[in-house]
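Notes follow once the structure below has been shown.
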Amino acid sequence: MNIIVCMKQIPNPDLQFQVAADGKDVKRDTLTYKVNGPDEYALEEAVRLKEKHGGRVVAITAGPKRTEQMLREAMAKGADAAARIAFDDPAAVDAFQVARMLAAAIAKKPYDLVLTGVQSDDYVHSSTGPLLAGFLNVPHASVVSKVEVQDGGLKVWRELEGEDEEVVSLARPALLTIQL
């Protein structure tokens, strides 16, 4: 099974932020960065699935050169390869644009499953995964807490409001936003 994991690097939330002079962003040159927490869960799930079913995990991100360190860490945690879509001004790009960039890169690679974290910890968006699924024209399930691989498809458990749970079956290729 070929799995692609979309990852994002975010400013370390433990730091004090300063607003940039234009008032539209934070001063990024004073920040340190870390991997988006939910994306780490997506990577862990991808590696677990690879260990159980074979295949390959590719970590992918869209961002500046500093994100290469995050990709090296992903490979140290079990990804087989990594790819970076280069752009230098993350504040100038929104979730729609990022999803479009990721979709263009992913469409060129063989994949059975794309995993993203359920949201970004910096902007608390949950839109990149569903947008990406739309651009790739693949089935999508969000807030996924458990994944079982079946012949030609997936059985996934997803969290609903009120601590309810839903079990759905999806054909592959598919995209899941992971909440483990």
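The values are calculated or read from the model by the stated rules, or taken from the named source; none is laboratory data. Computed from a predicted structure; not experimentally measured. Note that each Cβ is placed from the backbone with ideal geometry, even for glycine, and that neighbours are counted across all protein chains shown. Note: accessible area is taken over every heavy atom of the protein model, side chains too, but ligands, DNA and RNA are not part of it. Shrake-Rupley method; radii C 1.70, N 1.55, O 1.52, S 1.80 Å.
Here are some notes:
- Check on VAL5, among the aliphatic types (A, V, I, L, M), without any contact (Cβ under 8 Å) to a residue 40 or more places away in the chain and touching a helix residue (DSSP H, G or I) at 6+ places or on another chain (Cβ under 7 Å): no
- Condition check for VAL143: part of a loop (DSSP other than H, G, I, E, B), more than 16 Å from ALA62 (Cα to Cα) and either open to solvent by less than 20 Å² (accessible area, probe 1.4 Å) or hydrophobic (A, V, I, L, M, F, W, C) (or both): no
- Strands (runs of 3 or more DSSP E) wholly inside region 1-46 that include at least 3 residues being over 11 Å from ASP122 (Cβ atoms), open to solvent by 60 Å² or more (accessible area, probe 1.4 Å) and in contact with an Asp or Glu (Cβ under 6 Å, 6 or more places away or on another chain): none
- Only a single criterion out of (1) closer than 23 Å to LYS108 by Cα; (2) at pLDDT below 95 is not satisfied by ALA133, namely (2).
- Residue in region 50-66 that is under 24 Å from PHE17 (Cβ atoms), within 12 Å of the chain's Cα centre (by Cα) and of a type in the set (Ser, Thr, Tyr) present: yes
- Within region 154-170, the set of residues being modelled with pLDDT under 95 and among the small types (Gly, Ala, Ser) comprises GLY162 only.
- Matching entry among PRO130, PRO173 (being open to solvent by less than 70 Å² (accessible area, probe 1.4 Å) and within 18 Å of GLN97 (Cα to Cα)): PRO130
- Yes/no for ALA79 being in a loop (DSSP other than H, G, I, E, B), open to solvent by less than 20 Å² (accessible area, probe 1.4 Å) and either farther than 14 Å from ALA42 by Cβ or of a type outside the set (S, T, N, Q) (or both): yes
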